[in-house]
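Each reported figure results from applying straightforward, stated rules to the coordinates on display, with no laboratory input. Note that the coordinates shown come from a computational prediction; the quantities given were computed from them, not determined experimentally. Ideal geometry is used to build each Cβ from the backbone, glycine not excepted, and the neighbour counts take in all protein chains shown.
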Amino acid sequence: SGGGGSGAGASKAGGTVKIGLLASLSGTYQAVGTDLRDGFQLYLDAHGGQLGGHPVDLVVADEGDGAPTALPAATKLVKQDKVVAMTGIVGAGSVAAVSPLLTESRIPLVSSNGRPVVKDVSRQWSTSFLSNEPGSAIAQYVHDTVQGPVFAIGPDYQGGWDELQGFTDAFVKAGGQLANPGGKTLFTPFPATTDFTPYLTQIKNSHAKAVYCFYAGGAAVDFVKQYAQSDVRDVPLYAAGFLTEGGVLNAQGDAAKGIRSVLNYAPDLDNATNRTFVSAWQAKHPGPPTTYAMASYDAAAVLDKAIAAAGTDVTPERINNAIAGLGQIDSPRGTWQFGKNTHSPVQKWYLRQVKSDGRTLSNLTVQDLATIGN
Amino acid sequence: MSPRPPRTARLAAALSSPLRRWPDRPLPALLLAATVLLALAALDPAAPTALAPALALAPAAVGVSVLTGRAGLPTLGQAAPFAVGAYGTALLARAGLTVGPLQLAAAALTGALFALLTGLVVVRTRGTTALMITLALGELTATAAGRWTSVTGGADGLAGVPAVRLWWGLDALTDDRDLYGYLAVVALLATGAAVLALRSPLGLLLDAVREQEPRMRAAGHRVGGALLAAQVGAGAHRGVGGALLVAGQGYVSPADAGFGTSSLLLLAAVLGGIASPPGALAGTVLVVLARDQLAAHWPGHGPLVLGVLFVAAVYLLPRGLAGLRPATVRPPRTSQEPPTPTPCPVVPPDGEAP
Amino acid sequence: MTAAWQHPAPPDPARPLLALDGVGRRYGPLAAVAEVTLRVGAGERHAVIGPNGAGKSTLLALIAGTVRPSAGRIHFAGREVTTAGEARRARLGIARTFQQPALADSLSALDNVALAAWPHERRATDRGGPRGGGLWRPARYRALRTRCLDQLAQVGAASFADRPAGELSHGQRRLVEVAAALAGRPRLLLDEPAAGLTEPQAQRMLAVLRRLPAVGALVLVEHDLAFVGALAQQVTVLHEGRTLAGGTPAEVGADPRVREVYLGGAASGSTTPGSTTPGSTTPDSTTPDSTTPERE
Amino acid sequence: MLDANLVPAVDGVAYGLLLFVAAAGLTLAFGTGNVLNLAHGTLYAVGGYTAAALGDGSWAGLLLAAVAGTAAAAGGGVLVAALTAPLRRRGHLAQALLTCGLGLIGAGLLSTAAGPDELPVVLPPGLGGSLLLLGHRFPVHRLALIAVAGVLAVAGHLLLTRTRAGALVRATVDDPQMVAACLGTDPRRVHTAVLTAGGALAGLAGVLGAPVIGPGPRAADTVLLLSLAVVVLGGPGSVGGALLAAVAIGEVQTLGVVLLPDLAPYLLFTALAAALLLRGRRERAGRSTP
Amino acid sequence: MLEIRALTVGHGAGPVLHGVDLTVAAGTVHAVLGHNGAGKSTLVHAVVGLLHPTAGSVELAGQPLTGRGAHRVARAGVGLVPQGRRVFARLTVAEHLALARPPRGRSSRFPRPGPADGDTANGTGTGTGTGTGTGWTVEQVLALLPRLAQRLGHRGAQLSGGEQQMLALARALLGGPRVLLLDEPTEGLAPAVAEQVLGLVRRLAGEGLAVLLTAPQPRLALTVADELTVLTTGRVTAAFPGPAARRDPAALLAALAPAPALTTADPAPGAGLPPRSRMSPPGPPG
Ligand SMILES: Nc1ncnc2c1ncn2[C@@H]1O[C@H](COP(=O)(O)OP(=O)(O)OP(=O)(O)O)[C@@H](O)[C@H]1O
Ligand SMILES: Nc1ncnc2c1ncn2[C@@H]1O[C@H](COP(=O)(O)OP(=O)(O)OP(=O)(O)O)[C@@H](O)[C@H]1O
Ligand SMILES: [Mg+2]
Ligand SMILES: [Mg+2]
């Protein structure tokens, strides 16, 4: 351990730059974490291991289950490895925990998943989205297609609250009506809940015409499977894309068929960048790429441009300023740019549905939804 | 009853012995620990940041070793008072009270109070029942911490807590080394305090209760009281640990109250040779270093590394890290000579009767 | 030293120190002790004998509070202690030995004794003296140990005072057990103090028990009748949980019923119905486990 | 009202019984054999992963998976037995440290080999679907679980209380030396047998329970925690107790959250603590013979 | 039958027995006497394989027992009634009896003497131990110790001291031993029962068993023993043939009374370091 070649977090012309990637490589979010790592690595490999003309020394650290493990890991990246920029980070909680450290050491963060509400975003950039965006993106569509009340359900933690609130606010604003008793969204204990039957019963009793939910990882698998075996199996299920994103999909198997979800990415999007991205990905990994991999791929792209713009003497400060100067970024999801206030993408959202293409299940694009961000 | 000269000699010796009972000579061990910590900091510039988390957890682990190793109340809820102390400190600091000693006192107090309340329940149970009850209490605390958003900041916890300052008027400890010094000193003091407390007859009583509770009850000891005392003491330690956690990383989250932290603490204490506070200190350092540093070389395989560490420890350190110190090994009894015979009355018994 | 100690409250000869009235204890269908009424005056040395399983140890457990009576009342030193907790009775001066030595194995014999004596320091130290409850100051604990080492010496266990109790032989453990009970300077209960002791050891034990301060009383269970005869002034014979006979050792020894169930040729219990047809289970052979003391 | 709660109620039973199956191995190893095997959850996961690997939606596949999973986990049990044998004298904490380490290693290897995602488990047509009963849908698989668990419970109880083997196990816990010297049985053999059987049970549970607590990174921890709760709550060594405890926990997590939705997050552990406290006194004052 | 030669054994820290020689012929009772802590139980434990000798050997009818695991010694036909009963706390009396009888699978590689068809035995004992005996049956044992018959449902921990002692004896008998080791078997037994047990011991010997019996009190031992050996601090200091000892116990008692050097409450010369250094070893740690 201890500071590497690039002293004092800066690197001279052509010298290697140290980038820290923090992601859950173990624990509940392991799947997401590995995708973040692989997405970033994919971009590097495609660009000869260089970003902005500098050979990159990518230091990977394990975020584990959340803040308590993330913080020591991040501290090590910053204090011992002296990275010039950080990326990755699965959990919003982890970001919240890490950001004071980054602010103090003036290191820019280009996070590719987690995105809490933070006061000072001057050094914080996100290539993913704000937790409440998927919900608000699909709300209008659900209101238009479903005749009758909709039941909202999600996991009981910050992320879940934001995701669901995004939907319910927009949905109610659009004139929709919630089937939940008292219009209160139903939150299930997280991560304790492995058996959703009682909640499914509540849904049944509410006579909802459709269900909107947000779940990810193992919970998503349990929920979908049990949904398909319950009394409400025939009630249409709408969800934030993570419900059927990535590895969870084949764990769910046929139970997932027909689920409609909203996300900022689908593997079958028809644009050049995506085609190269997908083919490059599938050359290395089984199955289609996920939004997580895509966001991390974009994070690499952002840093690539920024470091190039930062010129010969790459300091954290310069990288940060450079990012601010970036305009349109063209990405597998279509082009997007950082919002001025939130420093997270202004991007288009898509409606996808789980269908079997050939032998495997996958999320196929149905139509475009709103473009959101500011 | 005519005490013969040799008897008086052995009497004096035997009398001074119990206060030297296991863990033998813990204070030198502490000095050793102190020098090691100092040397590390001096040699490796990265050491302060690497060791800070360990030092924060250490007092909590000491508390665990007292409860589990001496009082015989295995616990999996140790993270609860730890977190209570941590949240308390964080809130204090955010309210502007960043003076270290003040924070420590407050944290110790809240930790002890929490332990007292839960202790009233825990002390009624033993063995695995105690284990599971503490686990339940711990999880409840964690859940509450995660949901009481207005105070605890919910699942994201309280981040960016202002740095601690040594005393009124002094400026905040922002430099890693200064902070490290603060953490190290407090951790060592806490361990020392535990050692001293255990060397009092109370420590002896705890041992006896652990091994032969029926006799201690029959002898008229208020067993529950003794255990409660241990519980409260350990609570204070864990509270202090919480304060150090916040001082060290400026952040606290519900996960700090959860099962993960608890099991880590327990294993660290076991690794240290469950009944020895200095051992617990060392154990924590070892475990945390393994988690943060060693595992960093194989990202994603942290748990695996820990696992290997534990398995290795069980066989290589049968008496835990405390056992490493030759001093703790009791020398062979009565060397090679035959055991001393049981004496018989010199005077015929009836003659001896008054 | 033992002699040097004056008891705070001089005994009132009018009242017996220990009084049991119709005390009984059931374990499910089995009455381990039934309707036992017993008086033990201050300074009296009272022996309880009887066949195996007669209820002697249970009786001691009832007096000591290890087991709660299911019937009857117990008075000690004028106070009713029927429902009082074990620890409280111990602090009143009731100390028992366990038939199977109950010692903390990793502690030295001396520490075992000292810890047993500790709670009684309060009574021992004259009123107004420092609280005996928590011997915080090592100095006081040392003083206590000095006395306890002497106690060990009296029963002949000084030579292994500093050995961990777990490393002692059975007989040695029994000596420590008795010393632990004596060290509290209590009004005493003993369960088979001489069992497993060698002749001289037994003699020594006899001497020690004889020298006990007159303010205390002694209730002792023993199968070694020579020992009983030499020590006890009164003897109560238990059989199947009930008092079968009582009186001086001589009287009891002469009692034919006692000879029959206890001393004489016939096996104990062979007089009870059901035992003559081996293997057959009598009603009391089934017992709800929930009532075991170690589970209480 | 009652009808509305029928599904969760029944489901609670099914879920509880799954917990019982999952905990059965631990009941034997820890409750009866007094070996604190924290690798139990991992052994369960072994069974689960085998089910995912071999289960191909055919009955034959399920059978194969059951056999293989059980065997594999039993092997794990043998390993645990071999490694814990030298620690018998050192008590629970050493066992805990070791088995916890083994568990971590095992889980680490599994997720390294099988990847981070929870694996899909395909069930035979009969089991996979759901069944319309009393106007409600019940997953067939869970109904099947109820049957299996019932059998296990009865068999286990008889084995432990009525057979020589069961008595031998309890005797070994009480006094291994005397088992050797007075009964002529090698306590280490008993030790091994118990842990092997425990492992086998865990593996079987892993296969059967895969559709509910599936083979994934979470499986090991979830199962270990709940199993410990079941065993301790049920009272060491008591199969009946474990059964009751398991069903109680199941109901709390299903019926409970329907009836008291606001308390849902606190329910499980509050109930656990309360129940333990009621039982707590029984554990007071360690064993001493009169 | 049982041959103990130059046995040296301890409990880890230094030997407790020093080169003890002792033989127990089939059909005889051999009593070992000695003060508390003399090493009687250590001897017994070494024979049954619970302790492993550092030197010397133990042989059963010619075959070496030394180094075998306790369970194999037991199967070879060595029965044990340990000191302090050590019955299984959580097993019922009935379960004890069921377990104690070797399973059918484990065939007797030697004749198992059963009880002579006498007053107590209503089952069919095989009388003389020469035949292919099936050992004791539960019925016979219960007939011998009727108290147990009334307590079949009790757990070991719920029994009275004496009942536990009886159970320990029953446990040993049901194993159908060739050699019986009784470590203070009469402790805690009512006189009548003690008498009866000693009578049983004699009868067992009569049926060909070799019995090794330890006792703190010479009184009991004298009544049954064919041979007496006195153990003092781990060494054999005297041995008497039973009859002789019975004729004048004085010699035996004299041998039992310890040498003056051993009468003090202080350790024998050189009996190890003073306690302080025992308890807290020298030298600072680290
Ligand atoms: N916890 C218990 N549960 C059930 N029965 C018990 C329990 N404790 C004791 N007994 C029964 O009560 C009777 C009396 O036991 P106790 O120990 O008092 O006998 P004792 O007179 O001390 O006999 P001994 O002389 O053999 O020690 C015994 O038959 C015993 O089986
Ligand atoms: N587990 C042990 N560890 C260390 N020393 C022991 C242990 N058990 C016994 N000893 C010592 O070995 C010596 C002999 O013990 P042993 O039990 O053989 O004596 P014994 O003759 O059986 O005495 P008793 O008549 O009291 O049963 C004693 O000095 C005792 O302190
Ligand atoms: Mg008794
Ligand atoms: Mg002995």
Inset, instruction - Tell me what chain D gives for mean residue ellipticity at 222 nm when only DSSP H runs of n ≥ 4 count, each as -39,500 (n - 2.57), the sum divided by the residue total, rounded to 500 deg cm²/dmol. - result: -23500 deg cm²/dmol
Inset, instruction - Can you pull the one-decimal nm distance between simple spin-label points at A:Lys340 and A:Lys119, each 7 Å off the Cα toward Cβ? - result: 2.3 nm
Inset, instruction - Restricting to the protein assembly as shown, compute how many DSSP beta bridges are antiparallel as a %, nearest 5. - result: 50 percent
Legend entry - For the protein assembly as shown, with +1 on Lys and Arg beta carbons and -1 on Asp and Glu, the positive-most of C:Ala226, D:Gly103, A:Ala322 along the dipole: C:Ala226
Legend entry - Calculated FRET value between D:Asp262 and D:Leu158, using beta carbons and R₀ = 41 Å, to 0.05: 0.45
Inset, instruction - Only Lys, Arg, Asp and Glu count, each charged at its Cβ (+1, +1, -1, -1), so figure out the dipole size of the protein assembly as shown about its Cα centre, rounded to 20 debye. - result: 3660 debye
Legend entry - For C:Ala84, net neighbour charge (Lys/Arg +1, Asp/Glu -1) across residues whose Cβ lies under 11 Å away: +3
Inset, instruction - Could you name the lysines whose alpha carbon sits less than 24 Å from that of A:Lys340, not counting residues in the same chain fewer than 8 places away? - result: A:Lys119, A:Lys305, A:Lys348
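Rank-order A:143-150, B:296-303, E:174-181 by packing density, defined as the average count of other C-beta atoms within 10 Å over each peptide's residues, highest first.
Ranking the peptides A:143-150, B:296-303, E:174-181 by packing returns E:174-181, B:296-303, A:143-150.
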Legend entry - Estimated FRET transfer efficiency when R0 is 30 angstrom, pair D:Ala165-D:Ala144 (beta carbons, to 0.05): 0.60
Legend entry - Shielding by partners, peptide E:76-87 (average Cβ within 10 angstrom, other chains): 4
Legend entry - Projected label distance in nm at B:Val36 and A:Ala370, using a 7 Å step from Cα toward the beta-carbon: 5.9 nm
Legend entry - Sites B:Leu113 and B:Val151 - FRET efficiency at Förster radius 22 Å, r taken between beta-carbons, to 0.05: 0.85
Legend entry - Within-11-Å neighbourhood charge of A:Pro316 [Cβ basis; K, R +1; D, E -1]: +4
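Which order do peptides D:152-161, A:166-175 fall in by mean Cβ count within 10 Å, highest first?
Details: D:152-161: 16.5, A:166-175: 18.5.
The peptides rank, most packed first, as A:166-175, D:152-161.
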Inset, instruction - Mind checking which lysines have their Cα closer than 20 Å to the Cα of A:Lys355? Skip sequence neighbours fewer than 8 apart in that chain. - result: A:Lys225, A:Lys257
Inset, instruction - Provide the packing ranking of B:244-254, E:42-52, D:139-149, C:228-238, i.e. peptides ordered by the mean count of other C-beta atoms within 10 Å per residue, highest first. - result: B:244-254, E:42-52, C:228-238, D:139-149
Legend entry - Relative contact order of segment B:10-323, pairs being alpha-carbon contacts under 8 Å that are 6 or more residues apart, as %: 34 percent
Legend entry - Relative contact order of chain D, defined on C-alpha pairs under 8 angstrom at six or more residues apart (%): 39 percent
Inset, instruction - Would you calculate a helix-derived [θ] at 222 nm for chain A, using -39,500 (n - 2.57) for each DSSP H run of n ≥ 4 and dividing by the full residue count, to the nearest 500? - result: -12000 deg cm²/dmol
Legend entry - Net charge contributed by nearby residues that have their C-beta within less than 12 Å of A:Lys305 (K/R +1, D/E -1): -3
Inset, instruction - Within 10 Å of each Cβ in peptide A:70-82, how many partner chain Cβ atoms are there on average? Round it to a whole number, please. - result: 5
Inset, instruction - Using amide H atoms built 1.01 Å from N in the peptide plane, name the residues 5+ places from C:Leu17, or on other chains, whose amide H lies under 5 Å from its own. - result: C:Val40, C:Gly41, C:Ala42
Legend entry - Peptide-level mean, for D:257-266, of C-beta atoms on other protein chains within 10 Å: 6
Legend entry - Virtual spin-label span in nm between B:Ala312 and E:Asp248, 7 Å along Cα→Cβ: 7.3 nm
